[in-house]
Number of protein chains: 2
Amino acid sequence: MPDPRPPTIKDVAERAGVSKSLVSLVMRGSAKVSEQRRAAVVAAAAELGYRPNAVARSLVRQRSHVVGLMLSDIHNPYFAEVASGVESAAALGGYRALFNSGSRRPTAEREAMETLLELRVDGLVLAGPVLATRDIAAAARSVPLVLVARASRSAGFDSVTNDDRRGGAIAVEHLVALGHERIAHISAGAAAGARSRRTGYERAMARAGLSSRIRVVSGSFTEEGGYEGMRRLLAGGERPTAVFVANDLAAIGALQAADDAGVSVPADVSVVGYDNTALAALGRIDLTTIDQPGAELGAMAVELLFERIEGRRDDRHIVVTPSLVVRSTTGPPPS
Amino acid sequence: MPDPRPPTIKDVAERAGVSKSLVSLVMRGSAKVSEQRRAAVVAAAAELGYRPNAVARSLVRQRSHVVGLMLSDIHNPYFAEVASGVESAAALGGYRALFNSGSRRPTAEREAMETLLELRVDGLVLAGPVLATRDIAAAARSVPLVLVARASRSAGFDSVTNDDRRGGAIAVEHLVALGHERIAHISAGAAAGARSRRTGYERAMARAGLSSRIRVVSGSFTEEGGYEGMRRLLAGGERPTAVFVANDLAAIGALQAADDAGVSVPADVSVVGYDNTALAALGRIDLTTIDQPGAELGAMAVELLFERIEGRRDDRHIVVTPSLVVRSTTGPPPS
DNA sequence: GACGGGTATTGGAACGTTCCAACAGGAAGG
DNA sequence: CCTTCCTGTTGGAACGTTCCAATACCCGTC
């Protein structure tokens, strides 16, 4: 018993004894159709279990009413927040959101993005992509595109970010105010935002007269990256009294490494994360971090997308100012 | 300067001086096309920046090569694990995965599911839906469908779950073995799997001769639910010495409530979660929990989907056995 | 009873692909 | 030199909608 094809508008039309055009009118809620016919169509559709085919519709309308969202890393709770912001803002505008994920690998990200493009989404949001700017710019040539959580001076698309450089500086300033001097940084290499956070760290260190204390080890935006970075910091040379970690996920890995090494936080070493994810707020973690409101950034991204869909051509780059959230992983340096 | 329409197969054909059929052949990598023409087509496509239109393709092929995944709650890291399992298994089979989320609300879930159905995905995976079984069965009538992390005896679709009842029992048995008697449960009401975990708890209590000690407070699969539940348990009546919480997220909320109330874990009260998410493994949390391998369940779901797409008609219900992961939130009861 | 004017309804083209049957054109065989 | 066969190529139908221009219908007016 091969599954019969799903009913089409034509089947509904036949059963209701009207033309397919009329059915189309009814399905789209047109006002100019007689009550009697409407009822007949609605009944026929219900009996057949008719569901409009969005594929056919977007083909003819040249509009899918879908915004695509490529998440760089689905395991990072920060992106989950971005996603929910995107989803609700899209719904508000009568659009639906569809996600994807590229496991923090450029090739996987490009494929994920390509999938969305081939589906002809009306707009594309890229959250924290590690993709080459060149590829992003190319994609932006064929669809309205907004970057979230990654800055760009590039033309052809919009972006919504927080001021990562400022955020990095805020972290350092907080630690300096507490009396720290040996402040190290676990960076996330070339990942989105990582470079600026590092620059913010370095400049703030210089401003505080601590240029000679600058110490950066490379990690990544993952727990493992943070763990490894902290392990190296604790192992070799002069131990830092404070560490600014590239994001919350990595900071949690760093906390773990400190715990494992019997180094207590914040008594022996202070730790600052970035993103203020739900993770950081957990009582047991209670991580001092830099707040960057994910859901809001996601929602703003969709707003920008809508404007572009409406025809705006100039580039808009929104930069929100991050803020410090002090919790219990930072304190004065050991005396 | 209105954005020109993206180039179509016809544009490529014209530029390469061949028919659109030939272009189609080349794009799909057919062997039977001369090297000379192929080169011309490839060049023309590159020059125009041609990207095949997946919408048109799925319309005519009646196949989208996309599997849809509806996540009940995008903030629950457990579902992120399911999602990555789904995504990689889909990729292995030459399919792409697209996500959605219903915010643990039946209406939002139904809408999310409907979106996917209208897009005519080839298969649908629902992860932990709170949707009515009736709605799921209805959807299963029009597309191969697999339920993950929610059991069902219903016909017409497959499911992949762990044995929640057994899991609940394992948690109780562990606590009983440690010497606990006043073991309470924070349930998640009618959410997917919650009922069975509760039944498992109740039956295991009875088997241990602790029927009179059974105490259930209602919560949800969220931090807030767990926090609230624990608060109530600590406030009223005889305080339990151990609590089995419906999932990790809620267990973390419960830990928080214990911390806030100055109740120490596990000295005063032991806590067991469910899911063994990455959260539970964090050193600072180190939650004893019941393991249910999310990524694997997701991958299995896709396997089942593939079989159904290939034509299998009978229902398959895979139930994996959960296992105990002992960490530091459980210990003997206070003496 | 013819006419005008609005409103409800309809057929057919279009959207960008794939698929299939049909067709060139050259090589091989008689 | 004519068939036959194969290989590469092509036009056109189909997929399920929307949209537009055209038509049918009804009502009131003269």
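What follows is calculated from the coordinates using simple rules that are stated; it is not laboratory data. Just so you know, these numbers come straight off a predicted model, no measurement behind them. Note that each Cβ is placed from the backbone with ideal geometry, even for glycine, and that neighbours are counted across all protein chains shown.
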What percentage of all Cα-Cα pairs in the protein assembly as shown are separated by more than 44 Å?
29 percent
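Rank these for me by crowding, B:9, A:186, A:309, going from fewest to most other beta carbons within 10 Å.
Numbers: B:9 21, A:186 30, A:309 17.
Fewest-to-most Cβ neighbours within 10 Å comes out as A:309, B:9, A:186.
Say a site is exposed when it is one of the GluC sites (Glu not before Pro), sits in a DSSP loop, and has at most 16 other Cβ atoms within 10 Å; what is then the longest site-free stretch of chain A?
Values: sites that count: A:181, A:238, A:310.
Segment A:1-180 is the longest.
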Distance from the stretch B:260-295 to the stretch A:137-165 (C-alpha centre basis), Å
39 Å
If I build a Gaussian network model for chain A, linking alpha-carbon pairs within less than 10 angstrom, which residue out of A:266, A:322, A:129 has the largest mean-square fluctuation?
A:266
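Before anything else, pin down the relative contact order of the stretch A:44-203: Cα pairs under 8 Å, at least 6 apart, normalised by residue count, whole percent. Intermediate values should be presented prior to the final figure.
Numbers: 246 pairs, mean separation 28.7, N = 160.
18 percent.
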Debye intensity ratio I(q)/I(0), log10, the stretch A:9-52, q values 0.15, 0.28, 0.30 Å⁻¹ (C-alpha model):
-0.26, -0.97, -1.12
In a GNM of chain A with a 10 Å cut-off on Cα contacts, which of A:125, A:41, A:216 has the highest mean-square fluctuation?
A:41
When the charge dipole of the stretch B:164-292 is computed with +1 at the Cβ of Lys and Arg and -1 at the Cβ of Asp and Glu, the Cα pointing farthest to the positive end, of B:185, B:277, B:234, is that of B:185
Projected-area average for the stretch A:260-335 over all orientations - Cα convex hull basis, square nanometres
7.0 nm²
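Within 10 Å of each residue's Cβ, count the other Cβ atoms and sort B:95, A:274 from fewest upward. Before the final figure, lay out each step's value.
Working: B:95 23, A:274 32.
Ordered from fewest to most neighbouring Cβ atoms within 10 Å, B:95, A:274 come out as B:95, A:274.
Taking a quarter of the surface of the Cα convex hull of chain B, what do you get in nm²? Walk me through the intermediate numbers first.
Values: hull surface 87.8 nm².
The Cα convex hull of chain B, projected and averaged over all directions, gives 22.0 nm².
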Add -39500 (n - 2.57) for each DSSP H run of 4 or more in chain A, then divide by its residues: what number comes out at 222 nm, to the nearest 500 deg cm²/dmol?
-13500 deg cm²/dmol
Any idea how many Lys pairs in the protein assembly as shown come in under 29 angstrom at the alpha carbon, given 8 or more places apart or on separate chains?
9
Quick one: which residues, 5+ away or cross-chain, put their amide H under 5 Å from the amide H of residue A:323? H built at 1.01 Å from N.
A:291
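Roughly what % of Cα-Cα distances in the stretch A:52-111 sit above 17 Å, to the whole percent?
On the way: 877 of 1770 pairs.
Tail of the P(r) past 17 Å holds 50 percent of the pairs.
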What does the charge dipole of the stretch B:259-335 about its Cα centre add up to, to the nearest 20 debye, if the Cβ of each Lys and Arg holds +1 and the Cβ of each Asp and Glu holds -1?
120 debye
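Under the Kirkwood approximation applied to all pairs of distinct alpha-carbon atoms, what is the hydrodynamic radius of the stretch B:1-132 in Å? Walk me through the intermediate numbers first.
Numbers: mean 1/r = 0.0580 Å⁻¹.
In the stretch B:1-132 this quantity evaluates to 17.2 Å.
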Mean projection area, nm², convex hull over Cα of the stretch A:191-335:
10.0 nm²
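Using unit Cβ charges (K, R positive; D, E negative) and no other charged atoms, how large, in debye to the nearest 20, is the dipole of the stretch B:9-52 about its Cα centre? Mind showing how you got there, number by number?
Numbers: 8 positive and 4 negative charges, 36 e Å.
Using Cβ point charges on Lys, Arg, Asp and Glu, the stretch B:9-52 gives about 180 debye.
Can you give the average number of partner chain beta-carbon atoms within 10 Å of each beta-carbon in peptide A:89-97, as a whole number?
Values: counts 0, 0, 2, 0, 0, 0, 0, 8, 5.
The mean count of partner-chain Cβ atoms within 10 Å per residue comes to 2.
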Counting all C-alpha pairs of the stretch B:47-200, share separated by more than 22 Å (%)
48 percent
Fraction of antiparallel bridges per DSSP, the protein assembly as shown only, in percent to nearest 5
10 percent
Any idea what the dipole of the stretch A:60-168 comes to, in debye rounded to 20, about its Cα centre with Lys/Arg Cβ at +1 and Asp/Glu Cβ at -1?
240 debye
Just going by the charge dipole of the protein assembly as shown, with Lys and Arg at +1 and Asp and Glu at -1 on Cβ, which of A:99, A:151, B:290 is farthest out on the positive end?
A:99
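Let me check against my output: what whole-number percent is the relative contact order of the stretch A:203-257, with C-alpha pairs under 8 Å and at least 6 apart? Present the calculation step by step, with values, prior to reporting the outcome.
On the way: 61 pairs, mean separation 21.4, N = 55.
That works out to 39 percent.
Can you put A:174, A:65, A:185 in order of Cβ neighbours within 10 angstrom, beginning with the fewest? It would help to have the intermediate numbers written out before the result.
Values: A:174 21, A:65 17, A:185 28.
Least to most surrounded, the residues fall as A:65, A:174, A:185.
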